[in-house]
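The values are calculated or read from the model by the stated rules, or taken from the named source; none is laboratory data. What you are looking at is a predicted structure, and each value in this text was computed from that prediction instead of being measured. Here the Cβ positions follow ideal geometry from the backbone for every residue, glycine too, while neighbour counts run over all protein chains shown.
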Amino acid sequence: MEPLLIDAPSQALIALGQLLRASGYSFTAVTPETYRRNNARAQNREACDLRDAFGWNRPFAPGLLSSDLVLLLEKAGALGTSGELLISRVRYSTLGDHLFVHSAYPTVEDTSVFFGPDSYRFMSFVTRELAFERALPATRIIDVGCGTGIGGIVAGQLVEGSSVVLADINAQALAYAKVNAVLAGFDRAEFVESDIFSRVPGPFDIVLSNPPYMVDSLARVYRNGGAQNGSELSLRILEESLPRLRSGGRLLLYTGTAVIAGRDVFLERARRILDAGSFRFRYDEIDPDVFSEELEQPAYADVERIAAVSLVAYVH
């Protein structure tokens, strides 16, 4: 595998993450609605410590952070202003021993890189499935739509000796994934800008994916799951992954589904794909009710709830 090329802004983000880790920094990423409600409180309008500045993403007075941290933010191109205060254009969140850089709040730009409760659920799902996995010679893993890289990094560390491809259509996601791989001490990853498998040669032993599954009126890449109540992208990944799996391989797909009149929309459509190829699969509802605020949007007028689900498909 070729040496990883890290540009100067990414090197600054790595150094910033290392300083935060050395300080004992810890922050659990939450939903956008929880960010909004917390930051709207009068006492939370300005950052008081590192968690406020890099976790809650609150504006801070020029003297709050050390000069080293401010300089690194400048070198990363991630130092902004909010009135007379400064603000970080990136956030850092922790997951176990890992530290992940991701986009600032609110994630309104098309190229935003999201990290939140779905990331934690995805990591738990991958860990449960691969905790006792043993790598065979030339075991290949791919994280499709890798975002921050959490799936591929965790899977690669669990399956010792495997090679990992982190693929995403968003160049900003790949830049952050590189930073996060270095922060995790993981050096067996290849980074590919690709629309699902379009620029990635197969086959693979394990395909992982946690794609966007919401209906987004702005069609932002990081958030929009497309048509069919937001399941279009997840179904496409399912359909394109199965032919890329070696015999004995698995697809680990974490996604969301709209439930309409008690019917699981994603499962109904996924079952048609899986039954057509006689694939074995397991399907679980991980969380019965996520992003409930979205039910107020016109696209969800007939939806009872949105659930987080996992699908494991096996190739004989």
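Arg246 fulfils the conditions (1) part of a strand (DSSP E or B); (2) within 17 Å of the chain's Cα centre (by Cα) except for a single criterion, (2). From the list Gly277, Gly248, Gly225, the one residue that fits, being surrounded by fewer than 14 Cβ atoms within 10 Å (Cβ to Cβ) and touching a helix residue (DSSP H, G or I) at 6+ places or on another chain (Cβ under 7 Å), is Gly277. Filtering Leu69, Leu99 for residues that are over 21 Å from the mean Cα position of the chain (by Cα) and surrounded by 14 or more Cβ atoms within 10 Å (Cβ to Cβ) leaves a single hit, Leu69. Of the residues making up segment 18-30, at least one is farther than 29 Å from Asn224 by Cβ, among the aromatic types (Phe, Trp, Tyr) and either assigned to a helix (DSSP H, G or I) or at pLDDT 95 or above (or both).
Of the candidates Tyr105, Tyr35, the single residue that is assigned to a loop (DSSP other than H, G, I, E, B), farther than 30 Å from Ser163 by Cα and either in contact with a Leu (Cβ under 9 Å, 6 or more places away or on another chain) or aromatic (Phe, Trp, Tyr) (or both) is Tyr105. For segment 4-14, does any single residue satisfy the condition of being of a type in the set (Val, Ile, Thr) and over 22 Å from the mean Cα position of the chain (by Cα)? Within segment 4-14, none of the residues are of a type in the set (Val, Ile, Thr) and over 22 Å from the mean Cα position of the chain (by Cα). Within segment 167-183, residues that are closer than 20 Å to Ile206 by Cα sit with their Cβ atoms under 8 Å from residues that are surrounded by fewer than 21 Cβ atoms within 10 Å (Cβ to Cβ) and among the small types (Gly, Ala, Ser), at 6+ positions apart or across chains, in these pairs: Ala167/Ser194; Asp168/Ser194; Ile169/Ser194. Looking across segment 279-312 at every residue that is over 19 Å from the mean Cα position of the chain (by Cα) and among the hydrophobic types (A, V, I, L, M, F, W, C), the one that is farthest from Asn224 (Cα to Cα) is identified as Phe279.
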